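See structure below.
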Amino acid sequence: MKKAIFSSIVLLLVGIAVFVFSGSRFGSPTSAANNDSESFSEPKPRKTMQAFRSELELKDYLHALFERQKQTQRETGATDALAGNSSVAQPSAPKDTETEKSGKGDESITNTQTAGVDEGGIVKLHGQHLVILRRGRLFTVKIGDNSLKRVSSINAYAPGIDPRSDWYDEMLIAGDTVVVIGYSYGRGGTEINLFDIDDEGGLDYRSTYHLRSNDYYSSRNYASRLIGNKLIFYTPEYLYNYGGDPTARFPAVRKWHNGATDKEFQQIVAPTNVFRPPSLAETNGWLAVHTISVCDLANREFSCKGTAVLGSPGRVFYVSQNSVYVWTTDWNYGAGRTKASSMLYRMPLDGSAPSALKVKGTPVDQFSFLESDDNNLNVLVRSDGYGEQMWGSEFAAGDVALFRAPVDSFSDGSETAPSYRYRQMPKPSGYTFQNRFVGDYLLFGTGNGWGRPEGKTADNLFVVNWSNGEINNLHLKHTVDRIEQMGKDAVVVGTNGNDLYFSPIRLGDLPTVKDSFARKNASQGELRSHGFFYKADGEDSGYLGLPIAREGRPGYRHLLENSAAVLFLRNKGLDLDKIGELEARDTSTNDNCRASCVDWYGNARPLFIRQRVFALLGYEIVEGSLSGNGIQEMRRLNYSPRYAKRLATD
């Protein structure tokens, strides 16, 4: 649970490695690899995974599987990797940064991974208003008509509930519907709160739904996506051999009201829409139901349909425009040894049957994936990984390989991806592995992450052409803490002691590092991908923004301290020049917070909206004016409940 885990974060990040799962060691995924993968003729099976024919067949299968697992564990003395792990326990009772236009035709202000696939965030645009989610509340601020004005606020949860065991993390907007996604330990499961928003920025609570699941939290990934009016959730649910009905924890939805009971949950995944690979019976570890739910927001009701696969608990997921990919990993323990196996699922968003492929290794996070236009799936994997749940991405280690396979090579899960599908990659030293696909290239390296910035004067950035495997080793003056797309090129952000560096990377026939921009005495103020934004205004020019904090600040402090400012830079042909900074003045959080009182998803963002520039800094929004002399503050607004109350009494 986030609250329980929060108290241990400081210890975790100063040297005590608290792993999401018990430690394990994979064999190298590239031991039999070669570099001649394109010379092979890939078979194209058209088989998909097998679905259960009835609820009885599903229950019988799970009971038999659990019994085999218990017997194996007794014989080997194995212990379950999930046992006693509070981060996955049952809930306790108390291609560029410009996406397709959606909703009311608003431009995207979110730094997304895949064009056309919006991600749940803390600030969105609705017509003439910013909508902000912070510390358990929704706020609207009018920016239309050249204004900056507080309009409305409302609790981000249902009236009349106790939200103290809940976390409201992500927000999306479809048309005139605001969706707040959270996780409720008090009521159990993913919580979806719907609100109406009008053209004047007014907010009205509509309804609340619960989607039965385990906690979706990841230090890097987002649980929700929006494509048009289709709200997409990935939710895991871990199946324990506790006796009774094993399907009782399968994905289901209920509409919340005072006095709601568990009996009101209605399953959204029929047994005939639950799929399994043939090799699942071989696993000795615990199982998870990995569900993709597609919910229609085109009308006022909340109707969802789910597709589920049975698989191992370790997971990383990635959403393309057509499919959700879930990479699962199983760790088996016994006789003093660990054994890991992985399965990659492809779950089409049109509801058709999933397919699967046996694979090796584990991706680090969602940025390890790219479904490329040539109909291939490209994934960077490491031999020792823990999935992305909670802080799992921060501890990936081991050998590195680039997995590349045609999408149509997926089948029913009985086949193993051939060894030539893995291309050996260099293994960077250090921790907190970062990776990103940008155009025709994959970039990766290591940095500080949630830890304290190091005095590192040199580091390696590896740039790989994913189509032909050509590797370039570039040398930086700093760590690799953030990799972002900047037009058709990239920028890498990292630290060298107390200074923050931005290094442009030209991506072409010969990738090269251009001159770095250094912001003295600063560190990153946000670790989430949404903290960065690049706004192009030409083929080789544009503006970028990133929240910054004081020098030497450990990454985890963004949960406890606001960013000091948002730094804005100008890109002209990969020459970066400072435009200026918009600074925070009031960092108070004296707001009588009742829910989500830690900013797990951050609280600072650069915003480029219709030729205007803003900095969201906690409860402050600062507007700047761009000129030949840089950026100057025009005005600022404090939209916090404390200021709203003061104005109301004046």
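The values are calculated or read from the model by the stated rules, or taken from the named source; none is laboratory data. Every value quoted in this text rests on a predicted model; they were computed, and no experiment measured them. Don't worry about glycine lacking a Cβ; one is built from the backbone with ideal geometry, like all the others, and counts go over all protein chains shown.
Of the listed requirements (1) surrounded by fewer than 24 Cβ atoms within 10 Å (Cβ to Cβ); (2) within 16 Å of residue 369 (Cα to Cα), residue 444 misses just one: (1). Summed over the range 193-237, residues that are basic (Lys, Arg), more than 18 Å from residue 176 (Cβ to Cβ) and not in a loop (DSSP other than H, G, I, E, B) total 1.
If you check residue 576 against the conditions, is it more than 12 Å from residue 605 (Cα to Cα) and either under 26 Å from the mean Cα position of the chain (by Cα) or at pLDDT 85 or above (or both)?
Yes, satisfied.
Among residues of the range 139-162 that are in a loop (DSSP other than H, G, I, E, B), those with a beta-carbon under 7 Å from a residue that is acidic (Asp, Glu) at least six positions away or on a different chain give the pairs 148/623; 157/166. I'm checking my understanding of the structure. Among residues of the range 413-458 that are among the charged types (D, E, K, R) and either assigned to a loop (DSSP other than H, G, I, E, B) or touching a Pro at 6+ places or on another chain (Cβ under 8 Å) (or both), which one is modelled with the lowest pLDDT? Among those that are among the charged types (D, E, K, R) and either assigned to a loop (DSSP other than H, G, I, E, B) or touching a Pro at 6+ places or on another chain (Cβ under 8 Å) (or both), it is 456. Against the test of being modelled with pLDDT of 95 or more, of a type outside the set (D, E, K, R) and farther than 27 Å from residue 258 by Cβ, the options 154, 173 yield a single qualifying residue, 173. Filtered by the rule that a residue be buried (at least 24 other Cβ atoms within 10 Å of the Cβ) and not hydrophobic (A, V, I, L, M, F, W, C), the range 350-359 gives 354, 355. On the basis of being modelled with pLDDT of 95 or more, farther than 30 Å from residue 68 by Cβ and not in a helix (DSSP H, G or I), does residue 370 make the cut? The answer is yes for residue 370. Taking the criterion of being part of a strand (DSSP E or B) and touching a Gly at 6+ places or on another chain (Cβ under 7 Å), the residues of the range 497-523 that qualify are 501, 523.
Check whether at least one residue in the range 381-388 is hydrophobic (A, V, I, L, M, F, W, C), under 18 Å from the mean Cα position of the chain (by Cα) and at pLDDT 95 or above, and report yes or no.
Filtering the range 381-388 for residues hydrophobic (A, V, I, L, M, F, W, C) gives 381.
Okay, now just the ones that are also under 18 Å from the mean Cα position of the chain (by Cα), so 381.
Okay, now just the ones that are also at pLDDT 95 or above, so 381.
Yes, there is a match, as at least one residue in the range 381-388 is hydrophobic (A, V, I, L, M, F, W, C), under 18 Å from the mean Cα position of the chain (by Cα) and at pLDDT 95 or above.
Taken together, 579, 548 contain a single residue that is touching a strand residue (DSSP E or B) at 6+ places or on another chain (Cβ under 9 Å), surrounded by 22 or more Cβ atoms within 10 Å (Cβ to Cβ) and β-branched (Val, Ile, Thr), which is 548. Suppose the filter is of a type in the set (Gly, Ala, Ser), under 24 Å from residue 154 (Cβ atoms) and surrounded by 23 or more Cβ atoms within 10 Å (Cβ to Cβ); does residue 201 pass it? The answer is no for residue 201. When residue 563 is tested against the conditions (1) buried (at least 21 other Cβ atoms within 10 Å of the Cβ); (2) more than 25 Å from residue 121 (Cβ to Cβ); (3) of a type in the set (S, T, N, Q), the lone failure is (2). Answer yes if at least one residue in the range 471-480 is within 26 Å of the chain's Cα centre (by Cα), among the polar types (S, T, N, Q) and either modelled with pLDDT of 95 or more or not in a loop (DSSP other than H, G, I, E, B) (or both), and no otherwise. No, the range 471-480 contains no residue that is within 26 Å of the chain's Cα centre (by Cα), among the polar types (S, T, N, Q) and either modelled with pLDDT of 95 or more or not in a loop (DSSP other than H, G, I, E, B) (or both). Just so you know, in the range 64-73 the residues that are under 17 Å from residue 238 (Cβ atoms) and out of contact with any helix residue (DSSP H, G or I) (no Cβ under 8 Å at 6 or more places or on another chain) include one that is modelled with the highest pLDDT, and it is 66.
Taking the numbered list (1) assigned to a loop (DSSP other than H, G, I, E, B); (2) surrounded by 21 or more Cβ atoms within 10 Å (Cβ to Cβ) in turn, residue 534 passes all entries but (1). Search the range 270-321 for residues being among the aromatic types (Phe, Trp, Tyr) and more than 22 Å from residue 256 (Cα to Cα), and hand back the single one that is surrounded by the fewest Cβ atoms within 10 Å (Cβ to Cβ). The selected residue is 286. Taking the criterion of being crowded, with 23+ Cβ neighbours inside 10 Å and touching a Gly at 6+ places or on another chain (Cβ under 6 Å), the residues of the range 113-141 that qualify are 129, 140.
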